[in-house]
1. Spin-label point model (7 Å from Cα, Cβ direction): what's the GLU99 to ASP40 distance in nm?
2. Search the structure for amide H atoms under 5 Å from the amide H of TYR258, placed 1.01 Å from N in the peptide plane, and list their residues when 5 or more places away or on another chain.
3. For the residue pair TYR321 and ASP294, what label-to-label distance in nm results when each label sits 7 Å from Cα along the Cα-to-beta-carbon direction?
4. For ARG233 and TYR258 in one chain, what is 0.36 nm times their gap in residues minus the Cα-Cα distance, to one decimal in nm?
5. Taking other Cβ within 10 Å of each residue's Cβ, how do VAL123, VAL164 sort, fewest first?
6. With a 10 Å Cβ neighbour count serving as the proxy for reagent exposure, in which order, fewest first, do GLU112, GLU159 appear?
7. Tabulate in residue order the Karplus-calculated ³J(HN,Hα) for the stretch 215-223, using 6.51 cos²θ - 1.76 cosθ + 1.60 with θ = phi - 60°, rounded to whole Hz; enter x for Gly and Pro.
8. By count of other Cβ within 10 Å, fewest leading, how are ASP29, ASP190 ordered?
Amino acid sequence: MAWWGRIIRSEYGIPLHFGNALLGVLTLDSLEPHEFDFLDAAFINTLGELSARFLHTALYIEKLDQQHLHTQHVLQAVSEQVSEQHQHGEMIGKSEAMEKLKRVIRLAASSELTILIQGESGVGKELVARALHFQSARHGQPLVYVNCAAIASHLIESELFGHVKGAFTSANRDRDGKFLLADGGTLFLDEIGELPLEIQGTLLRAIQNQEIQVVGQDKSRKVNVRVIAATNRKLEDEVKYKRFRADLYHRLVVFPIYVPTLKERQSDITLLAGYFAEKTRRSLGLQQLILSDDTLLQLTRYNWPGNVRELEHVVSRAALYAREETPTGITVIKRRISQELT
């Protein structure tokens, strides 16, 4: 063996035991032959014991640091989850289509099956995912959200599975991925149809085996994650045209849930408009915000290509413009609604 171009002529190994565990080996090297032939056994035992204690303490501190970092990441994910839940509110509607959807959610929530939520943009797929999680046995664990369309393709693997320090240029510290943050809970993969083909195989293995490999790390880690995915694309067509893996599609579509469009639940429009009007009234500090009968009739007759999201935005904009006319007190938003829908 060479050391800085010189030959090591003596080497001594001291096993480092702590309890019944072998933590490692302390090696002593020398350029002189027979350097360690006459070492005192008591000295060797003491050196090994002290070194083992120091190493055990260092490893324990490192483990605590990793647990602390993981806890911070989980708390951040839960904080975002609570914020999103507060922001998006609850599922509103008493139509036949909505009652059917709520029954399907209760049924699916009672299982551990992988869910694929399908529906147009703006129908409330995120709310369905949250309802599935909070009605499930995992409701006390994190619900972690991933927007697959919002992550740069070269960062998706790190975002999902995490990375260790030095795994790539900008990896200046260890980072837990979304699968680890969701361990024990639910991982919601929104816009799953936007996921690049090159990462779909890795995701498939993670879902099937409940096992991930952190970027920059050789060993795999077991996780316990329920996956809920959502898309506004027709994944059958994406599979047909080779833009989405057939095996991943069939793994996701174990229990499909379709979220109806607003025009399929027309009787809910009045209820939704009133809910959004009250929500906007509070945020704008108005005493009262009125939707007249003919305004509500106009809302129910509109096609709503943007679904529930468009309805909320129309009511919010109309109320904001109406406040200019009546800064406080009773505000009627009839005229502005008419302008928004023409």
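All of the numbers you see were taken from the coordinates with simple rules; none came from a lab. It should be emphasised that the depicted structure is a prediction, and the values quoted were computed from it without experimental measurement. Because the Cβ atoms are built from the backbone with ideal geometry, glycine has one as well, and the counts that use them run over all protein chains shown.
1. Taking the two extended label points, one gets 8.9 nm.
2. GLN118
3. 1.7
4. On the way: separation 25, 0.36 × 25 = 9.00 nm, distance 1.19 nm.
Value of the extension gain: 7.8 nm.
5. Values: VAL123 24, VAL164 14.
The fewest-first ordering by Cβ neighbours comes to VAL164, VAL123.
6. Numbers: GLU112 11, GLU159 20.
Fewest-to-most ranking of GLU112, GLU159: GLU112, GLU159.
7. Residue by residue, the stretch 215-223 yields 4, x, 10, 7, 7, 8, 10, 7, 9 Hz.
8. Values: ASP29 13, ASP190 21.
With the sparsest Cβ surroundings first, the list reads ASP29, ASP190.
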